[in-house]
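The values are calculated or read from the model by the stated rules, or taken from the named source; none is laboratory data. All figures in this text were calculated on a predicted structure; none of them were measured in a lab. As a convention, Cβ positions derive from the backbone with ideal geometry for all residues, glycine included, and neighbour counts pool all protein chains shown. Only protein heavy atoms, including side chains, enter the accessible area calculation; ligands, DNA and RNA are left aside. Shrake-Rupley method; radii C 1.70, N 1.55, O 1.52, S 1.80 Å.
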Amino acid sequence: MNFDDTPQEAEFRATARAWISANAPKQYEEELRKSSLGRTQLKNANILEVAKAWQKKKADAGWACLHWPKEYGGRGASPIERVIWQQEEGPFGKLSHMFIIGHGMCGPTMMAFAREEHKRKYLPPLASGEKVWCQLFSEPAGGSDVAGLRTRAEKDGDEWVINGQKIWTSGAHYSDYGILLTRTDPTVPKHKGLTMFFLDMKSPGVEVRPIKQASGASDFNEVYFTNVRIPDHQRLGEVGDGWNVSLTTLMNERMSIGAGVSTGFPELFEYCSSLMLDDGPAIEDRAVRSKLANWAVKASGLRYTSMRAISALSKGERPGPENSIGKLVAGSMIQDVATYALDLQGAAGVVSGPEDAEVAGRFQAMLLRAPGTRVEGGTDEIMRNIIAERVLGLPGDIRVDKDVPFNKIPTKGR
Amino acid sequence: MNFDDTPQEAEFRATARAWISANAPKQYEEELRKSSLGRTQLKNANILEVAKAWQKKKADAGWACLHWPKEYGGRGASPIERVIWQQEEGPFGKLSHMFIIGHGMCGPTMMAFAREEHKRKYLPPLASGEKVWCQLFSEPAGGSDVAGLRTRAEKDGDEWVINGQKIWTSGAHYSDYGILLTRTDPTVPKHKGLTMFFLDMKSPGVEVRPIKQASGASDFNEVYFTNVRIPDHQRLGEVGDGWNVSLTTLMNERMSIGAGVSTGFPELFEYCSSLMLDDGPAIEDRAVRSKLANWAVKASGLRYTSMRAISALSKGERPGPENSIGKLVAGSMIQDVATYALDLQGAAGVVSGPEDAEVAGRFQAMLLRAPGTRVEGGTDEIMRNIIAERVLGLPGDIRVDKDVPFNKIPTKGR
Amino acid sequence: MNFDFSDDQKQLRDQARKFLAEKCSPKAVRVVLDGKAPYDKELWKGLAEMGFLGVAIPEEFGGAGAGHLELCVIAEEMGRANAPVPFSSTVYLAAEALLIAGSDAQKKKWLPAIASGEAIGTLALFEGKGNPSPKNVKLTAANGVLNGVKKPVADGAIADFAVVAARTGSNGRDGDISLFLVDLKAGGVEVKNLTNLDPTRGQAEITFKDCKAEPLGAAGEGWSILTQVLDRAAVLCAFEQVGGADRALEMGRDYALDRIAFGRQIGSFQAVKHMLADMYVSATLARSNSYYGAWALSTNAAELPEAAAAARISATQAFQHCAKNNIQVHGGMGFTWEFDCHMYYRRANTMALGLGSLSYWEDQLIDRMRKKNAA
Amino acid sequence: MNFDFSDDQKQLRDQARKFLAEKCSPKAVRVVLDGKAPYDKELWKGLAEMGFLGVAIPEEFGGAGAGHLELCVIAEEMGRANAPVPFSSTVYLAAEALLIAGSDAQKKKWLPAIASGEAIGTLALFEGKGNPSPKNVKLTAANGVLNGVKKPVADGAIADFAVVAARTGSNGRDGDISLFLVDLKAGGVEVKNLTNLDPTRGQAEITFKDCKAEPLGAAGEGWSILTQVLDRAAVLCAFEQVGGADRALEMGRDYALDRIAFGRQIGSFQAVKHMLADMYVSATLARSNSYYGAWALSTNAAELPEAAAAARISATQAFQHCAKNNIQVHGGMGFTWEFDCHMYYRRANTMALGLGSLSYWEDQLIDRMRKKNAA
């Protein structure tokens, strides 16, 4: 048991560190380091532009999408090298946020199911950040039940005609391409009538509308499709096989969202370390200490769980669904942490003028963003199902819609 | 909004108080007052004898089973008068423990379904405590799924022949009679093939074996039936209608168990009020205070919820399933409270020699008894279902066994 | 025993609910939420006309002279409707302070104006971080002139007058604090709106610069009056919180019945059912604790301090719990601006701090229980 | 990075698991539970023969000289099997104290006897209520003679020797405490068995009356040595707790798969599934924290104090949580003496206190995190 790199790993780490040190946009380092859930932005620069520039620089030097094959814009690196890169990239990694969907989900799906010529054409600019991709799965009627989607794709000659609506599409407004899950046959049970495509987001008939979140920010979109035409050669996988194709994507989604999940604990501990309460330093108050200790061991438990997963990677093993615990634990925790941080401020916790931005504002942003964490990429309830079923081997939920033609499934509860 | 009695209530209370003051076995008052979950017993007397004597005395003076009709041994009192009696009876009410099943469940079932001559014969000695009754519903295969029971009753002339096994029968070893739910037809769906009887517990073929609980105590029994014969006139309700009959009983069970449920809070608060921790009085430790405050509002919330139910009774309304929250909240709470009380003692919390009996021993008994509270009379999970379905109107669980003949339902998961 | 509201009080609740359902739809709340108005003036006027603002104000001062139980049932409905009006500042804090400590002239000046909706009042207590405590009051009063900064002051930007806690001594005791009444329109104050978690209830910073003020209650009695005011407000706010919790629970329940996933109502999944059952449990505990607080408030019982703290804690927890898990039941939709879930989440978290934090009230409750036991 | 046990260590774990499955069935545990034996002597002998007792004892003192990581994997299996033997007292506490502070002669006398199963050792620290703290040590040592009462002493009634914390100074500082080694069979002690929550691990009261003792470590160094011993034991106990938590989770999982209610495996109900998923979550967090503790212990890293406290808290919570909800999954059957659930519940609640309470370790963790941050 040790935290040492193997010689190859150490060499790789040194190379990466040197390159990052020479090339990273250091002027934003401090600001990126301090950003926390609910607020990643830069004061004096457009974060999208900074992110694209950094990604392009990385790609030109062979540091983009490390685990992808070289011919598609990657480096052909091992999973553990990718992890080492992330460790070294540190706060600059937060700039990758806009590429996560493309690199983590769309890319792997294209790699598995697209034609060779499409891979060579589309993957390198995706890797380099020149083109941004989004994922069009969720629908208002879908939610946790992804396969309950209703967006129709109907064959018309060599093309498919798309009508319907997607929701929760991260970054649709700045995306160039998207992968799209559609229903091509509503007369068969729901998992059997789906088909996957990729499409140009600038196609006629695609309309992107931002969703204003509970927090007031807009990180997601609704996307409407009105007679959008997609050539058949942009189909990914067989007609009717869309569910299996999408599993590739979703598996990757849960992995990547689980990875760097915020708990809010470091922020709270730092805050409490200097905070004065009415009766003395917060850090000497037993009630505060007890709460901190309980969160501390959750935060460290997640940290070391992820180190165990990295060790497995390093040995060439594939980490399992155990990783689902990251988001499950962190989601509720950050909500509780934020609530408590406001509590410690008393009545002043509700206000967030400029002078309060560093404290109240930070935790308020967390509080408002946290409910999203408990839902996105699988709700807490879905996560518990995954753990119970895939890790513990418990039975699946009873599926009343399993053998029912999709268009016979009720759509309204009452 | 007031806590005052109406004039009639005040008069009733005064009469009850005077009688209790003149007649109650005062020598046990202090001991009964101090007893808490997991340990109701008397040091120098047989609690069963004391209880029976007190019950007989009450019956002779017309204070037994107040809400029952006079002809069956009760007083014909109103529900609110019953509550007032309980308030006045105070710690002596703890002596009724052995009669709860008989008075709360068997009696009402007999009243609703037995022949008039049986009611006149059996109910008065039940009210007076001369005869003790038990309830024979639960089975090893049943659990929360009460209707999944397997004890067979087969018709043989004017009699029924019973074979099978019951479990969790409180007080079977000192009971004279019992009400018994059996399966008379295993070929129809499970709720439809049940029939209810009452029987003499001294009948040949009835064998009672105590269950040793996790706590080491034995409050419950297994009861085995081997060719036990019950005359058909002791059937309660129609053949095949046992489920409906049992609902009368169970409804009453949940009401009565919910009523006086212990939270452990008064004991903990009292303990913390005098306890010295390593750094000073426990009651001045902020962590202790925070925990106490959170439990305090649960305990008071339950207390006032039950007062609201009593007010409803007083107005002639029937309290609803809202009362299920009592046991649900108190069950987990007493477990947490006991755990914390031990925590406050440090390593010494595990030992319970005679000199520690008042503290460690008390909370240890609670800790070991508490898991039972979370199960008996409906598990936490069943209670949440009841609240969700009957109070909030949410759908029932999907019932895969609903229309399946009972003998086609699987009995083993794997 | 009748540990319940009377039929008349329940009728008043129904009346308030009906009125608010009509005049205070979520759409109306959103006008304030979106910053298009500092509060709902029409609604405020309507509340005055209905007699709700002065329900606990004696008739001689222009109120309905009903009482605190009547105010409790209205408070519950205000919470249920998430009403974007300065009700709690004006009615629970300013009016109660006047009722407890105001001179006859002060009452005559302000209480009728409150009841008629002409005057908005507030309590200016906090000065930045921290909970209610005499030592957190730094603003000074000398010769009837105030100097200092209060922040946050709920509804401070729209208030006509404020009850201000000021330091008039330096013995390090409760007696150092006195209360003052300030006409905020009369000069000497500078009011700045603050960005805050719940835009439907404004928060302000008020700077007092040689501001003229008249004493409210006797000198040195400020903290004792404030404690009473906060206890009363704790009970009244608890009813708002209970109303909010109930509404959040209902929204979740309704969504769980309407929404289909995997071919079933999502409310048929135990994960959702049990989450809602647990919300019901905390809302019920809060309601019962609040009823006890209402009884203590209405009878001015010796139990009020303890009852108020218990109601405050229980209702704060219940509203936070229900508002949070209502979003969870709604899934992604609950996290949109368009759905109303977040309005209750914001309100729940704001109300949790307004009279001092949950930690503060936990501490208060234990102190008060000890005092009772010692007595 | 290889933040995992080596293949050899995993093999050792499998070996221990297999051995314990055979020699330490629930039936065997019940012999001790039912009071028919103070501990499982056969098993103790077998553990010695397998080399498990001396796995972390250097070869020169009769051990296997393997190391603490090897001891961790064995500890996990001891917890999983709920082994009714004085393993933790002897191996984590007594042996570690000797390894840290023993003279060569002391080590030679006791360590080989531990490794061979001939000597049972324990730590006599507590004197009634309270947590580890110099001021709770009242037993005095003067001129090599001890006077005072220790209680509870784990496995005190079957121990051959004890490491005893004694007061040798009165400056109110850590330096007031020194450790002593006492041969419990040599007289001067009176041992009384105490009724306790987990009969599979005895607790005793030991009265020292003019009892001869030899110093262990330098005078005044007692507290510093004890702190190290407790940290090491915290990590090792955490592995026992993780083993126990995992076993309780498995029992619950198995029952949920086997048991049918309402025509379905009860594990198909989300209420049960999600309860088990949450148990898995806490067991996993505990395991990961314990691994970090193991790394710090095995490398004697500066992070040990913090890592030990985190492992202790996390594993205590996980074992209590899993043991408690395992009973709940089992329903009524889980509450019978006949089912094994309560053995884990008793053990979980006993282990939660053995090295000081959860509250104590929470406090320790924060102190240690602050020290690290200050450094």
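For segment B:42-92, what are the residues that are within 17 Å of B:MET111 (Cα to Cα), free of Cβ contacts under 8 Å to residues at least 60 places away in the same chain and touching a Lys or Arg at 6+ places or on another chain (Cβ under 8 Å)?
Passing the criteria: B:LEU66, B:HIS67, B:TRP68, B:GLU71, B:TYR72, B:GLY76.
Consider A:SER273 carefully, then state whether it is at the interface with chain D (Cβ under 10 Å from one of its Cβ atoms) and crowded, with 23+ Cβ neighbours inside 10 Å.
no
Would you please name the residue that is surrounded by the most Cβ atoms within 10 Å (Cβ to Cβ), looking only at residues in segment B:14-32 that are in contact with an Asp or Glu (Cβ under 6 Å, 6 or more places away or on another chain) and farther than 18 Å from B:VAL50 by Cα?
Going through the qualifying residues, I end up with B:ALA16.
Can you tell me which residues in segment D:206-265 are part of a helix (DSSP H, G or I), among the aromatic types (Phe, Trp, Tyr) and under 17 Å from D:PHE126 (Cα atoms)?
D:TRP223
State whether one or more residues within segment D:221-230 are within 15 Å of the chain's Cα centre (by Cα) and of a type in the set (Phe, Trp, Tyr).
The answer is no; no qualifying residue exists.
For segment C:221-261, give me the residue count where each residue is open to solvent by less than 20 Å² (accessible area, probe 1.4 Å) and either in contact (Cβ under 8 Å) with a residue 60 or more places away in the chain or more than 7 Å from every other protein chain (Cβ to nearest Cβ) (or both).
Residues that pass the stated criteria total 23.
Quick one: what pairs do we get from segment A:286-298, first residue more than 7 Å from every other protein chain (Cβ to nearest Cβ) and in contact (Cβ under 8 Å) with a residue 12 or more places away in the chain, second in a helix (DSSP H, G or I) and open to solvent by 10 Å² or more (accessible area, probe 1.4 Å), C-beta under 8 Å, 6+ apart or different chains?
Pairs found: A:VAL288/A:LEU344; A:VAL288/B:ARG286; A:LYS291/A:TYR340; A:TRP295/A:PHE265; A:TRP295/A:ASP336.
Which condition breaks for C:ASN2 when tested against (1) out of contact with any strand residue (DSSP E or B) (no Cβ under 7 Å at 6 or more places or on another chain); (2) closer than 30 Å to B:GLU11 by Cα?
With (1) out of contact with any strand residue (DSSP E or B) (no Cβ under 7 Å at 6 or more places or on another chain); (2) closer than 30 Å to B:GLU11 by Cα applied to C:ASN2, the lone miss is (1).
Answer yes or no as to whether C:MET333 is assigned to a helix (DSSP H, G or I), more than 7 Å from every other protein chain (Cβ to nearest Cβ) and open to solvent by 10 Å² or more (accessible area, probe 1.4 Å).
Criteria met by C:MET333.
Mind checking whether some residue in segment C:305-325 is closer than 30 Å to A:GLY148 by Cβ, among the small types (Gly, Ala, Ser) and modelled with pLDDT under 95?
Looking through segment C:305-325, none of the residues is closer than 30 Å to A:GLY148 by Cβ, among the small types (Gly, Ala, Ser) and modelled with pLDDT under 95.
Would you be able to say whether some residue in segment B:140-150 is at pLDDT below 95, touching an Asp or Glu at 6+ places or on another chain (Cβ under 7 Å) and among the charged types (D, E, K, R)?
Yes, segment B:140-150 has at least one match.
Under the condition of being touching a helix residue (DSSP H, G or I) at 6+ places or on another chain (Cβ under 7 Å) and assigned to a loop (DSSP other than H, G, I, E, B), which residue from segment C:1-30 is farthest from the other protein chains (Cβ to nearest Cβ)?
Result: C:CYS24.
Out of (1) closer than 18 Å to D:ASN131 by Cα; (2) modelled with pLDDT of 95 or more; (3) within 14 Å of chain B (Cβ to nearest Cβ), the odd one out for D:VAL163 is which?
So D:VAL163 meets the others, but not (3).
Assuming C:LYS45 fulfils every condition listed in (1) within 14 Å of chain B (Cβ to nearest Cβ); (2) in contact (Cβ under 8 Å) with a residue 60 or more places away in the chain; (3) open to solvent by 60 Å² or more (accessible area, probe 1.4 Å) apart from one, which condition is it?
(1)
Which residue out of B:ALA22, B:ALA64, B:ALA53, B:ALA14 is small (Gly, Ala, Ser) and not in a helix (DSSP H, G or I)?
Result of the check over B:ALA22, B:ALA64, B:ALA53, B:ALA14: B:ALA64.
Just checking, which of D:LEU53, D:LEU43 is touching a Lys or Arg at 6+ places or on another chain (Cβ under 6 Å) and aliphatic (A, V, I, L, M)?
It is D:LEU43.
Which ones in segment C:308-328 are more than 7 Å from every other protein chain (Cβ to nearest Cβ) and open to solvent by less than 10 Å² (accessible area, probe 1.4 Å)?
Answer for segment C:308-328, where residues must be more than 7 Å from every other protein chain (Cβ to nearest Cβ) and open to solvent by less than 10 Å² (accessible area, probe 1.4 Å): C:ALA308, C:ALA309, C:ALA311, C:ARG312, C:ALA315, C:THR316, C:ALA318, C:PHE319, C:CYS322, C:ALA323, C:ASN326.
Please go through segment D:98-129 and pick out each residue that is within 14 Å of chain B (Cβ to nearest Cβ), without any contact (Cβ under 8 Å) to a residue 60 or more places away in the chain and crowded, with 22+ Cβ neighbours inside 10 Å.
Correct list: D:THR122, D:PHE126.
How many residues does segment B:204-226 hold that are open to solvent by less than 70 Å² (accessible area, probe 1.4 Å), modelled with pLDDT of 90 or more and polar (S, T, N, Q)?
Selection size over segment B:204-226: 2.
Given the criteria modelled with pLDDT of 90 or more, more than 7 Å from every other protein chain (Cβ to nearest Cβ), within 24 Å of D:ASN326 (Cβ to Cβ) and buried (at least 19 other Cβ atoms within 10 Å of the Cβ), does B:ALA330 qualify?
The answer is yes for B:ALA330.
Pairs please, first residue from segment C:288-307 and within 11 Å of C:CYS72 (Cβ to Cβ) and facing chain B (nearest Cβ under 7 Å), second anywhere and open to solvent by 50 Å² or more (accessible area, probe 1.4 Å) and part of a helix (DSSP H, G or I), Cβ atoms under 8 Å, 6+ apart in sequence or on different chains.
From segment C:288-307, the pairs are C:TYR291/B:ARG308.
Determine which single condition B:ILE101 fails, assuming it passes every other condition in (1) assigned to a helix (DSSP H, G or I); (2) open to solvent by 40 Å² or more (accessible area, probe 1.4 Å).
(2)
Only one of these conditions is not met by C:ARG264: (1) farther than 20 Å from C:LEU71 by Cβ; (2) at the interface with another protein chain (Cβ under 10 Å from one of its Cβ atoms); (3) open to solvent by 20 Å² or more (accessible area, probe 1.4 Å); (4) modelled with pLDDT of 95 or more. Which number is it?
Only one criterion in (1) farther than 20 Å from C:LEU71 by Cβ; (2) at the interface with another protein chain (Cβ under 10 Å from one of its Cβ atoms); (3) open to solvent by 20 Å² or more (accessible area, probe 1.4 Å); (4) modelled with pLDDT of 95 or more is unmet by C:ARG264, namely (4).
What number of residues within segment B:121-164 satisfy the criterion of being more than 15 Å from B:GLY107 (Cα to Cα), crowded, with 18+ Cβ neighbours inside 10 Å and of a type in the set (S, T, N, Q)?
Final tally of qualifying residues: 3.
Do you know which residues across segment A:333-349 are over 19 Å from C:ASN326 (Cα atoms) and within 9 Å of another protein chain (Cβ to nearest Cβ)?
Residues satisfying the conditions are A:TYR340, A:LEU342, A:ASP343, A:LEU344, A:GLN345, A:GLY346, A:ALA347, A:ALA348, A:GLY349.
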